[in-house]
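Reviewing the structure listed below.
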Amino acid sequence: MTNSSNKYILLVITAALISACSVTKKYERPTTLKTDQLYRDQSTTDSTTIADMPWNTVFKDEKLNALIQKGLEQNLNLKNAIENIVQARASLRQSKLAYYPSLQLDANVTHNKQSQAGLNFPAGININTLTTTYKLGVSSSWEIDVWGKLSSSKRAALATYLASDAAKQAVQTQLIADIANNYFLLLSYDESLRITEETLKTRIENVETIKALKEGAIVTGAAVVQSEANQHAAEVLIPDLKQSIRETENALNILLGQGGQIDRGVLGTQIIPEKIAIGMPAQLLNNRPDVRQAEFNFRIAFESTNLAKTYFYPSLTLTASTGFSNLELNDFFSHSIFYSIIGGLTQPLFNNGLNKMRLTTAQSQQLQAYNNFQQSLLVAGQEVSNALYAYQMAVEKEDSRAKQIAALEKAVDFTQELLEYSSATNYTDVLTSQQNLLAAQLSGVNDNLQKLQAVINLYRALGGGWK
């Protein structure tokens with residue numbers, strides 16, 4: 001390679017490095033993202049949030065924590081998410097290798113036969129020559145990252161890896177929430193079944209009482225029939241509750257990657273964090289795995305746009321080769337060394353239309369990725385608002401529900417006493433008070449479940465469970 005060629009290549013590289021920064025851009029989080037008022041009717045400057053709490057401190061039930069740990073170890077969706085990380089990590093390593101020169105080993109034997117007819121030989125004589133060339137060489141090719149093409153590809157691969165990691169974290173947070181929600185749902189069915197079975201025992205006893213009162217001519221046969229119907233009304237609730245228990249256990253087993261019964265506690269002993277802190281909406285950008293995944297996807301599209309810009313500029317490649325080549329094996333390593341160094345610039349001449357379409361597509365996809373990023377943030381804010389309001393409404397109902405149940409318990413006692421010892425009431429009053437009491441007790445169980453599940457959903461919505 002001549003000195004003038006060397007100077008030319010050096011000049012091109014220098015000029016390219018100076019202008020490379022104008023070809024590709026450095027990623028910065030968009031300032032146009034809307035983070036204000038994501039939490040409806042909530043305004044705070046306190047950054048304290050339950051999302052920073054480890055999941056095994058949010059939940060105080062050791063049996064629930066054991067199930068969550070088992071789910072984190074055995075859940076098949078989470079295992080697949082981890083494999084996605086493995087694949088993305090391999091792609092990232094592959095993108096880093098593009099910075100290094102390629103290296104090839106070339107060893108071959110070439111047989112070349114050439115006819116020498118008509119080359120100063122007597123008429124009619126045709127001589128064929130056979131030559132054999134032995135060659136052993138090494139060649140290397142290196143594309144210099146002048147315009148940031150390789151850098152953009154590497155950053156895109158890194159963003160893909162980080163997105164897969166965030167996706168795994170999102171699966172984990174959802175898994176924890178699903179296990180806890182189904183666990184508390186199971187406990188609520190257990191409690192509803194316990195209440196219904198106790199109610200059934202009371203109603204069976206009540207049937208016998210009403211029969212005795214009929215024999216004493218205090219009530220009529222209609223009251224006996226009504227008491228029996230009331231008993232059966234409680235009985236028919238039990239199979240449905242048992243079915244719900246079985247189905248919820250099966251759903252939990254899918255999450256845990258196992259089969260069999262679920263070891264569990266009771267609903268009345270569950271404890272939730274005393275302080276429900278939600279922090280500031282902007283914290284979702286770092287705490288919510290799915291929001292972080294959306295941002296990484298936007299970064300991938302951003303680097304794809306950078307990459308599309310580099311196709312408008314020439315690529316610079318250095319190619320070098322060296323080795324041995326000889327016609328004889330005996331003196332193969334003597335007087336047979338060859339080498340070459342080639343610097344090449346490749347500038348597309350007729351691909352400008354293709355490059356423009358590539359850039360237009362990349363820019364459009366980048367805009368879509370930005371919209372998805374903003375959408376994920378809005379959805380996250382909505383989920384926080386809904387879960388927080390559900391918790392507040394459940395707390396608001398607690399006192400009223402407790403007073404309702406206490407009043408109905410007294411009503412049942414009073415109407416039964418009046419029925420047994422005076423004629424101041426009839427059995428319809430007793431029947432109504434009993435039915436209302438059971439309905440209020442079951443509603444109280446649902447209120448408790450709503451409160452517990454609201455805390456779980458709020459914890460997940462804020463981005464808790466993966467740290």
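Measure out, as a whole number of angstrom, how far apart the alpha-carbon centroids of region 176-231 and region 388-466 sit.
15 Å
I'd like the accessible area for K242, computed on protein heavy atoms only with a 1.4 Å probe and all protein chains in place. Round to 10 Å², please.
Here the residue's solvent-accessible area equals roughly 110 Å².
What residues of region 45-82 lie in the reach of a label at N286, counting those whose backbone N is under 15 Å from a point 7 Å from the Cα along Cα→Cβ?
46-53
For L359, what charge total do you get from the other residues with a beta carbon under 15 Å from its beta carbon, if Lys and Arg give +1 and Asp and Glu give -1? It would help to have the intermediate numbers written out before the result.
On the way: positive: K25, K149, K309, K356, R358; negative: E303.
Here the count lands on +4.
Net charge around Q69, counting only other residues with Cβ within less than 12 Å of its Cβ (Lys, Arg = +1; Asp, Glu = -1)?
Values: positive: K63, K70; negative: E62, E73.
Net of charged neighbours comes to 0.
For region 358-391, list residues with backbone N below 18 Å from a point placed 7 Å from the Cα of D41 toward its Cβ?
Inside the label zone: 381-391.
Relative contact order, percent, of region 376-452 when contacts are C-alpha pairs under 8 Å separated by at least 6 residues? Mind showing how you got there, number by number?
Details: 41 pairs, mean separation 32.8, N = 77.
Here the relative contact order equals 43 percent.
Please report the carbon-and-sulfur percent of the accessible area for region 414-467; probe 1.4 Å, protein heavy atoms only, DNA, RNA and ligands left out.
Working: 1130 of 2260 Å².
Exposed carbon and sulfur together represent 50 percent of the surface.
Of K63/K467; K154/K356; K154/K309; K63/K201; K201/K242; K70/K275, which sit over 24 Å apart, Cα to Cα? Before the final figure, lay out each step's value.
Details: K63/K467 21 Å; K154/K356 22 Å; K154/K309 15 Å; K63/K201 30 Å; K201/K242 17 Å; K70/K275 28 Å.
Exceeds cut-off: K63/K201; K70/K275.
Please list, in order along region 170-181, the HN-Hα scalar couplings obtained from phi with the Karplus expression 6.51 cos²θ - 1.76 cosθ + 1.60 (θ = phi - 60°), rounded to whole Hz, x for Gly and Pro.
For region 170-181, the Karplus-derived couplings read 5, 4, 5, 5, 5, 4, 4, 5, 5, 5, 5, 4 Hz, x marking Gly and Pro.
When all C-alpha to C-alpha distances in region 393-467 are sorted into bins of 10 Å, what percent of pairs does each bin hold, rounded to whole numbers?
With 10 Å bins starting at 0, P(r) equals 19, 32, 22, 15, 8, 4, 1.
Leaving ligands and nucleic acids out of the surface, order W55, W466 by accessible area at 1.4 Å, largest first. Can you show the working numbers first?
Values: W55 30, W466 60 Å².
From most exposed to least exposed: W466, W55.
Semi-axes of the equivalent ellipsoid of region 172-269: what are they in whole Å, largest first, if each equals the square root of 5 times a C-alpha gyration tensor eigenvalue? Display every interim value, and only then the final one.
Working: eigenvalues 337, 25, 15 Å².
Semi-axes (√(5λ), whole Å): 41, 11, 9.
Considering only the other residues whose Cβ falls under 15 Å of the Cβ of S227, what net charge follows from Lys and Arg at +1 and Asp and Glu at -1? Spell out each step's value before the answer.
Working: positive: K201, R203, K211, K214; negative: E205, E208, E215, E228, E235, E420, D429.
So the environment of S227 carries a net charge of -3.
Estimate the FRET efficiency between N371 and V266 by the formula 1/(1 + (r/R0)^6), using the beta-carbon distance for r and 41 Å for R0, to the nearest 0.05. Each step should come with its number before you reach the end.
On the way: r = 47 Å, r/R0 = 1.14.
The value I calculate is 0.30.
The values are calculated or read from the model by the stated rules, or taken from the named source; none is laboratory data. Note that the structure is a prediction, hence the values are computed from the model and not measured. Here the Cβ is made from the backbone with ideal geometry for all residues, glycine too, and neighbour counts use every protein chain on show. Accessible surface is based on the protein model in full, side chains and every heavy atom, while ligands, DNA and RNA are left aside. Shrake-Rupley method; radii C 1.70, N 1.55, O 1.52, S 1.80 Å.
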